[in-house]
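One structure below.
A short reminder: the numbers here are calculations on the coordinates, not readings from a lab. Given the structure is predicted, the values throughout are model-derived calculations rather than measurements. Positions of Cβ are generated from backbone atoms using ideal geometry, with glycine treated the same way; all protein chains shown enter the neighbour counts.
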Amino acid sequence: MKIEGLKGDWVTEPLHDDFAQSLRVARMLYDSKTDHQRIKVFENPTFGRIMTLDDVVQTTEGDNFIYHEMLTHVPILAHGAARRVCIVGGGDGGMAREVLRHKTVEHVTMVEIDAGVVEFCREYMPALSAGAFDDPRLNLVIADGAAFMRETDGGFDVIIVDSTDPIGPGEVLFTDTFYGHAKRALAPGGILVTQNGVPFLQGEELTNTMRAFKALFADATCYLATIPTYAGGPMAFGWGTDGDARQVPVEELTRRFAAAGIDTDYYTPDVHKGAFALPGYVRRLIP
């Protein structure tokens, strides 16, 4: 679309009723409708290649590292001995990329509902997966994430729910039933983390997830990270476990991080600990 006073074509997000961001389209690379959603990939001078689903930004080459690092390294390093990891969603491959950087992770099950997302991301945004789909430790399952979680034998040390917002195909991944099945699929001491939107604009989403987590887990809260293209303030990630992984001291996180031998652009052990320090308006959204 054209925006008066601005040059070129722009994509404007329809996610919120009274707030929107727009991103300039320098070059449209892909625009197609699958059975589930309309997918676009376009180039932007600041963020590089951007993928949208129904015009809602899912990931960018420029700032995806923040989202993917914080949803993987926080639970994996807090756990300290994660061998089996499940990713629900994450069709662009970025989450698998970061999980598989941990050489101690032996098996990753990635459940993605839309094969089209995987196919075009491998072609149009290969930097996001960075070869993750070719790693023999990855088992890619094309299936509905809710159905998979209901039927899996489980035994996962970490489950990462890399979902879209709770509309359309992603809606079932925000239900009490899904979270209950996810908890059952965790091994003892396992950790469930979820994408829960931007609390300033999507507070109800966080509240509903936290209400379910409080009923399921001994330790239920969220942590935060600021991702520029997820506009409206910091993004919240749900955290649920029956263990004490959140209490691991920063000195031990530092030791584990060094042992992992991973270079990161956002995650550090200090950022890890600080991400759980919640501002008042976020704390008030947690029942």
Exercise. Can you give the Rg to Rh ratio of the range 61-121, both from alpha-carbon atoms, with Rh computed by the Kirkwood formula?
Worked result: 0.97
Problem set entry | For the chain, the longest site-free run once GluC sites (Glu not before Pro) in DSSP loop states with at most 15 other Cβ atoms within 10 Å are removed | 107-287
Problem set entry | Fewest-first sequence of 36, 79 by Cβ atoms within 10 Å of each Cβ | 36, 79
Problem set entry | Coil-residue trypsin sites (Lys or Arg not before Pro) of the range 65-157, DSSP, other Cβ within 10 Å capped at 13 | 103
Seminar exercise, completed: The alpha-carbon pair-distance distribution computed for the range 190-253, with 10 angstrom bins and whole-percent values, is 23, 46, 28, 4
Problem set entry | Alpha-carbon gyration tensor eigenvalues x 5, square-rooted, for the range 64-283, Å | 22, 21, 18
Problem set entry | Ellipticity estimate at 222 nm from DSSP helix runs (n ≥ 4, -39,500 (n - 2.57)) divided over the chain, nearest 500 | -8500 deg cm²/dmol
For this session: Multiply the residue gap between residue 35 and residue 133 by 0.36 nm, knock off their C-alpha separation, and tell me the result in nm, one decimal place.
Result: 33.0 nm
Problem set entry | Sites residue 266 and residue 19, calculated FRET efficiency, Cβ-Cβ separation with R0 30 Å, nearest 0.05 | 0.75
For this session: Multiply the residue gap between residue 26 and residue 218 by 0.36 nm, knock off their C-alpha separation, and tell me the result in nm, one decimal place.
Result: 64.3 nm
For this session: Diagonalise the Cα gyration tensor of the range 9-60 and give the resulting equivalent ellipsoid semi-axes, square root of 5 times each eigenvalue, largest first, whole Å.
Result: 16, 16, 8
Exercise. Give me the log10 of I(q) over I(0) for the range 100-230 at q = 0.10, 0.11 Å⁻¹, as the Debye formula computes it from C-alpha points; what are the numbers?
Worked result: -0.35, -0.43
Problem set entry | Around residue 131: net Lys/Arg minus Asp/Glu count, Cβ-Cβ under 13 Å | +1
Exercise. Mind checking the dipole of the chain: about its Cα centre, +1 per Lys or Arg Cβ, -1 per Asp or Glu Cβ, Debye to the nearest 20?
Worked result: 540 debye
Exercise. Can you put 32, 129 in order, fewest other beta carbons within 10 Å first?
Worked result: 32, 129
